[in-house]
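Beneath this line is the structure, given in structure tokens, with notes to follow.
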Amino acid sequence: MIWNPEIETMPRAALEKLQSERLAKLAEYVYARVPMYKQRMDAAKVRPSDIRGIHDLHKLPFTKKSDLRDNYPFGLFAVPMSEVTRVHASSGTTGKPTVVGYTKNDIDMWAEVAARCFAMSGAQPGDMFQNAYGYGLFTGGLGMHYGAERFGCTVIPISGGNTARQILLLQDFGTAVMACTPSYALTLADEILRLGIDPKSLKVRSFILGAEPWTEEMRTELEAKLGTHAVNIYGLSEVLGPGVSNECIEAKSGMHIAEDHFLTEVLNPSTGEPVADGEVGEIVFTTLTKEAMPVLRYRTGDLCTITREKCICGRTHARMGRILGRTDDMLIIRGVNVFPSQIEAALVGKEPLTPHYALIVTREGHLDSMEVQIEVHDAFYRDLGEARFADADDEALHRVRAYARKSLHDVLGLNADVTLLAPGQAPRSEGGKLKRVFDRRK
Ligand code: ADP
Ligand code: ZN
């Protein structure tokens, strides 16, 4: 099912025409209303009338997270406070939270694009939707809530955490669609299995997972454990919140961006120049229709690829690949760029390793070292027994560690120490985004 076929399957030429009209209006709008954009455009000698279409986008200045901080809290708002119906803040994964605002029309647009995500994720109007994204300043909870209502689901606004209650409602309310972070979905899946609940007794068809990076390996593991679909949703508060893009269940191959609202570029993060479709770069968005806090060329710091190839689902909007990492969570270890997602891709799904891991980086003198701590599966641990597991010289453990070290070396070109953890010993998501990387060099 396609929520808004007229827009979502629009021929690209018509889409680009729409984007061009909207961009020209946006340039006038922010120039007249947001002092920072006026100053920057003046400094770059760009007049709003120079922006006639998407081909002029490169003339506009970038916006960075630091600009939101410098204008904290409301300095980038383009409308009087009386027209701002809601504020949210980023979850502050990488520093002080940044504040964003929405007018009534912005909230309406958000519900529309989020409703598209429900359709893309295989939801049906009338479905029970269990919303385990956090409600509050974080955009996840309310963003999905409004989208689900617009789409026609019955919303269970349970918010994140409280795994026992999540499972109870999954069973008793007949939840068909659930949204949460992928790390929390793993916590849930493991608990469901631990309690001996047959996943087939549940009615869940789709998990809509986002807000943090995850991998194909994790999808395979989750779908196998729970017998459901797991689809990827992306968003960020500075641009909107969840709903900027979402995978279609037909292809599960890249997230369709709501391009009628978000003009997208993928740039080389160091030079700011565009990279070709299919090449990894930083994804940059310009909001075409937002009223309260539009952004020009917002540097997300998120690294991914983009494709404009036709999708089997019939949608024409471009698809972004999985987020491979953030420019700011890239670790440089002995001069090599390392993203946590690479570690996951190297190890997850390989017996007896689980997706539960932590990455610890330390420095002695001038030498960085990296340790991956990763849990083994229950069955492996039980078969081996506690005593052997505690014996550092055990042959079986030795083999697993050597194998894991080799996989890591193949992917990263780096040697890493591998420590095997007993089940339950690695950090778990208790509802929100999970911290897995501990850089102790600073
Ligand atoms: P914060 O920057 O404080 O985490 P947000 O709560 O707005 O702020 O989170 C937005 C960020 O979350 C994105 O920029 C991206 O890094 C990450 N994110 C959101 N969805 C996904 C996803 N599906 N895959 C990977 N990362 C995601
Ligand atoms: Zn598609």
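Taken together, the values in this text are just the output of simple stated rules run on the coordinates, not laboratory data. A quick note: this is a predicted structure, and the numbers were derived from the prediction, not measured. A quick note on method: Cβ atoms are made from the backbone with ideal geometry, for glycine too, and the neighbour counts reach across all protein chains shown.
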Quiz prompt | Simple label model, 7 Å out from Cα along Cβ direction - Arg52 to Ala390, nm | solution = 7.8 nm
Self-check item: Whole-angstrom gap from the stretch 153-175 to the stretch 10-25, using each part's C-alpha centre
Solution: 40 Å
Quiz prompt | Gain on full stretching of the segment that runs from Ser253 to Asp70 - 0.36 nm per residue minus C-alpha separation | solution = 62.2 nm
Quiz item: Quick one: which of 297-309, 280-292, 165-177, 47-59 comes out on top by average Cβ neighbours within 10 Å, and what's the full order, highest first?
Solution: 280-292, 297-309, 165-177, 47-59
Practice problem: Assuming R0 = 45 Å, can you tell me the calculated FRET efficiency for the pair Ala44 and Gln124, based on Cβ-Cβ distance, to the nearest 0.05? | Solution: 0.40
Quiz item: Which one of Gly413, Phe339, His377 has its Cα pushed farthest toward the positive end of the charge dipole of the stretch 331-439, where Lys and Arg give +1 and Asp and Glu give -1 at the Cβ?
Solution: Phe339
Quiz item: Tilt of helix 395-412 relative to the longest C-alpha principal axis of the chain, in degrees (0 to 90, nearest 10)?
Solution: 20 degrees
Quiz item: Straight-line reach from Lys17: which lysines have Cα under 19 Å away, leaving out those fewer than 8 places along the same chain?
Solution: Lys25, Lys59, Lys290, Lys310
Quiz item: If one takes the longest principal axis of the Cα atoms in the chain, at what angle in degrees, from 0 to 90 and to the nearest 10, does the Cα axis of helix 216-226 lie?
Solution: 70 degrees
Practice problem: Can you put Ile360, Ile192 in order of Cβ neighbours within 10 angstrom, beginning with the fewest? | Solution: Ile360, Ile192
Practice problem: Among DSSP beta bridges whose residues both lie in the chain, state the antiparallel percentage, nearest 5. | Solution: 60 percent
